[in-house]
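Written out below as structure tokens is the structure these notes cover.
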Amino acid sequence: MSGVKIVRVPNKLTQLVKRGGGIAVGEAVKRADAALESLEDASLAIIDEELAAIDLLYGAGNPDRASLSLDQLYEHASRIIDAGGGLPGSGVEEAARAICELVARSRASNIRDCDAVDVHVATLKVLRAQGQKLSAAQRKTVLQGLSDVTDKRAREA
Amino acid sequence: MKRMREGDRLNLEGIRFLLVDDNAHALKIMEQVVSGFGVRNIVKADSAGAAKEAINRGGIDVVLTDAQMPGETGYELTEWIRLEAPESERYLPVVIITGHTPESDVTKGRDLGANFTIAKPLVPRVLLQRLFWLSHEDRQFIQSDAYTGPDRRFKRLGAPYGIDGRRSGDLKAAVREASEPNPDQDQINPAMKPEKVVL
């Protein structure tokens with residue numbers, strides 16, 4: 001292909017949406033939220049399964065944990081994010097995302113830090129158990145702590 | 001972009017959604033959310049390969065795909081749609097949904113031709129807002145050696161100074177006479193100089 005071709009594409013979605021009828025935005029969001037609530041128990045079960053798997057592999061009980069690749073930690077944390085909505089307002093998903101960020105930065109710097117992993121996993125467990133009871137400010141402080149740990153490790157790398 | 005209001009109405013009933021995620025629970029979440037929006041026509045795929053087959057069959061109107069999947073990722077699927085899918089399907093709206101979202105991934109999705117990238121967990125209001133934008137979007141498609149996808153220039157800031165814009169929506173760069181005198185340097189300095197703040 002040479003040069004740039006600019007194509008004006010008829011927006012099929014616009015045409016379909018404009019046909020009238022349908023539901024109001026507020027109602028659509030309410031129905032979707034209600035539909036998601038029906039999955040909360042399943043989401044919670046997945047979060048607990050993934051947490052148990054993380055503990056088994058990367059917890060203090062595994063003497064080989066220091067030599068394990070962090071790839072599985074990333075995958076388990078990703079599945080906790082995927083399970084989303086199991087514990088609304090607990091901060092669990094944000095902590096799982098912080099784990100993914102820690103692993104991504106560890107891969108980039110090629111430095112493995114068991115203490116940082118421990119802090120993240122412990123925080124994840126605390127938020128699973130108590131996150132919904134914390135105030136928004138307390139959760140923010142806890143999550144900021146994870147971010148600070150990751151930033152500090154990155155600066156030291 | 002047009003702001004979505006509570007009373008705005010959307011009729012998604014006749015729109016066929018292709019939902020792609022290797023994680024069965026995440027796929028179920030997507031399905032529940034779009035069903036709540038009134039969507040009745042849903043095709044599910046647990047891999048990029050299965051998604052391609054669905055797209056090749058035709059009739060898909062919107063693609064929602066997970067970013068990280070084993071084998072081919074959502075990014076690769078997006079690239080395939082823009083470059084290799086049947087001609088009629090290359091302009092499909094694609095929304096990438098990702099769990100861990102470093103900024104580089106958002107840029108990657110955009111540069112491979114995705115319309116939007118949104119973060120998991122899937123929040124119904126956020127997804128509906130993106131669908132609302134998609135349905136009001138009049139972005140052109142760009143096809144070139146370096147990029148194929150929707151025009152990445154969201155902000156229409158107008159043509160550079162001294163150049164007449166070519167778009168009908170380009171802002172006019174005409175500048176009127178100043179209505180107030182220019183501030184003198186003593187007024188400018190305090191506004192520009194960083195100062196230590198005592199808390």
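Please treat every number below as a calculation from the coordinates, not as lab data. Predicted model only: the values in this text are computed from it and were never measured. Cβ atoms come from the backbone with ideal geometry, glycine included; neighbour counts cover every protein chain shown.
Quick notes
- Some residue of segment A:49-56 being among the aliphatic types (A, V, I, L, M), within 13 Å of another protein chain (Cβ to nearest Cβ) and surrounded by 19 or more Cβ atoms within 10 Å (Cβ to Cβ): no
- Residue satisfying all of: in segment B:72-117; within 22 Å of A:Asn11 (Cβ to Cβ) and hydroxyl-bearing (Ser, Thr, Tyr); nearest to the other protein chains (Cβ to nearest Cβ) among these: B:Tyr91
- Odd one out for A:Gly61, checked against (1) on the phi < 0 side of the Ramachandran plot; (2) within 11 Å of chain B (Cβ to nearest Cβ); (3) exposed (fewer than 13 other Cβ atoms within 10 Å of the Cβ): (2)
- For segment B:50-70, a residue qualifies if it is small (Gly, Ala, Ser) and in contact with a Gly (Cβ under 7 Å, 6 or more places away or on another chain), and exactly one does: B:Ala67.
- Hits in segment B:1-39 (condition: closer than 30 Å to A:Glu49 by Cβ, facing another protein chain (nearest Cβ under 7 Å) and either assigned to a loop (DSSP other than H, G, I, E, B) or acidic (Asp, Glu) (or both)): B:Asn23, B:Phe37
- Every residue from segment A:65-85 that is assigned to a helix (DSSP H, G or I), aliphatic (A, V, I, L, M) and more than 18 Å from B:Pro102 (Cβ to Cβ): A:Ala66
- Number of residues in segment A:95-118 that are over 13 Å from A:Asp148 (Cα atoms), surrounded by fewer than 22 Cβ atoms within 10 Å (Cβ to Cβ) and within 15 Å of the chain's Cα centre (by Cα): the value is 1.
- Residue in segment A:119-130 that is away from every other protein chain (no Cβ under 14 Å), surrounded by fewer than 21 Cβ atoms within 10 Å (Cβ to Cβ), among the polar types (S, T, N, Q) and in contact (Cβ under 8 Å) with a residue 40 or more places away in the chain present: no
- Looking only at segment A:4-37, residues that are in a loop (DSSP other than H, G, I, E, B), facing another protein chain (nearest Cβ under 7 Å) and not charged (D, E, K, R) come to 6 in all.
- The number of residues in segment B:123-136 that are within 8 Å of another protein chain (Cβ to nearest Cβ), surrounded by fewer than 20 Cβ atoms within 10 Å (Cβ to Cβ) and in contact (Cβ under 8 Å) with a residue 12 or more places away in the chain comes to 1.
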